[in-house]
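Working notes, beginning with the structure itself.
The values are calculated or read from the model by the stated rules, or taken from the named source; none is laboratory data. This is a predicted model, so every value here is computed, not measured. As a convention, Cβ positions derive from the backbone with ideal geometry for all residues, glycine included, and neighbour counts pool all protein chains shown. With ligands, DNA and RNA removed, areas are computed over all heavy atoms of the protein, side chains included. Shrake-Rupley method; radii C 1.70, N 1.55, O 1.52, S 1.80 Å.
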Amino acid sequence: MADARGVGAPTVLRVVLGKRLQDLREKAGLSFEEAGRALDVTHATVRRMEKAEVGLKIPYVEKLLGVYGVTDPAEVEGFLTLTREANRPGWWHRFRDVLPEWFSAFVSLEGEANLIRAYEPHYVPGLLQTEQYARAVLRAGMPHAPDADIDRAVAVRRERQSLLTRDRAPLLWVVMDETVLRRPIGGPGVMREQIAHLVEATALPNVRLQIMPFAAGPHPAMYGPFHIFRFPLPELPDIAYAENLVGASYFDQRDDVSAFLEALDRMCAQAAPAQTTEAFLGGIRKEI
């Protein structure tokens, strides 16, 4: 588990390259100390490179590839090209004035995942929020922020939402508590618009939304919201994300992630089937 509070957020590519460097070092039979001596750096620096805790310097990577026995020019150039891409700031970097550092990692994971699963008991997930709903949620969370900061935070959510309609869009599968739909956020008009937007979203082939009704009783994840990310990149394991008031935790150990997956699988079986979601949403909208 990694606590992301106050930690620089690596891009997903940097994580992948770090794992590839680790694999190459281990296959070469070299220790952190031996790799560090080749670069004239400490073993801790090599360890941090593999853990994606620091940027990957091109000269260091090039030297390590030689030390690890990677000599094919095409393979070396491909690795260096990925390194240059990994070192480029993500699109969210321009919003760093309003985007918490610990959430930048979430945005990077979200953008590279091919499957995003989530449980949300409090709010409509950011990828499915309308602008006015997002504005009301952000204002509640940042009551003293200038309007300009709220505008920029809303812009981040709009940018994130574009991934649902891009080529090779991820599958988004959300279990949402009925509480989310009945909590009045932004007023009746905002809620009606938001629910109508959810109906539209469920028509997308890559969006699956299930509602956990009050009548279903207790369920395995009543402790709070979480996300699970799955990736097409073999170097990346499934990652679970749980947020709190001042930061977030990312889980990548198999046993930890399995606990989240098991809870979510049980909830999907307990929640109303996805094919009933449109009717469920329509019924609640009529009540507002």
In the set Leu56, Leu65, Leu30, which member is touching a helix residue (DSSP H, G or I) at 6+ places or on another chain (Cβ under 9 Å) and assigned to a helix (DSSP H, G or I)?
Leu65
Output the number of the condition that Ile58 fails; it satisfies all remaining conditions of (1) surrounded by 15 or more Cβ atoms within 10 Å (Cβ to Cβ); (2) under 29 Å from the mean Cα position of the chain (by Cα).
(1)
Number of positions in region 252-277 that are under 28 Å from Pro213 (Cα atoms) and either in contact with an Asp or Glu (Cβ under 8 Å, 6 or more places away or on another chain) or of a type outside the set (A, V, I, L, M) (or both)
14
Residues of region 240-288 being of a type in the set (Lys, Arg), loosely packed, with under 12 Cβ neighbours inside 10 Å and more than 26 Å from Ala105 (Cα to Cα), which ones?
Lys286
Determine whether region 156-171 contains at least one residue that is touching a residue at least 24 places away in the same chain (Cβ under 8 Å) and in contact with a strand residue (DSSP E or B) (Cβ under 6 Å, 6 or more places away or on another chain).
yes
If the requirement is being among the basic types (Lys, Arg), in contact with a Leu (Cβ under 8 Å, 6 or more places away or on another chain) and either open to solvent by 30 Å² or more (accessible area, probe 1.4 Å) or at pLDDT 90 or above (or both), which of these qualifies: Arg84, Arg96, Arg117, Arg88?
Arg117
Working only within region 162-220, note down all residues that are farther than 22 Å from Pro273 by Cα, of a type in the set (A, V, I, L, M, F, W, C) and assigned to a loop (DSSP other than H, G, I, E, B).
Ala169, Ile185
Reported set for region 235-288 where residues are over 21 Å from Trp173 (Cα atoms) and either in a loop (DSSP other than H, G, I, E, B) or among the charged types (D, E, K, R) (or both) is Glu235, Asn244, Leu245, Val246, Gly247, Gln253, Asp255, Arg285, Lys286, Glu287, Ile288
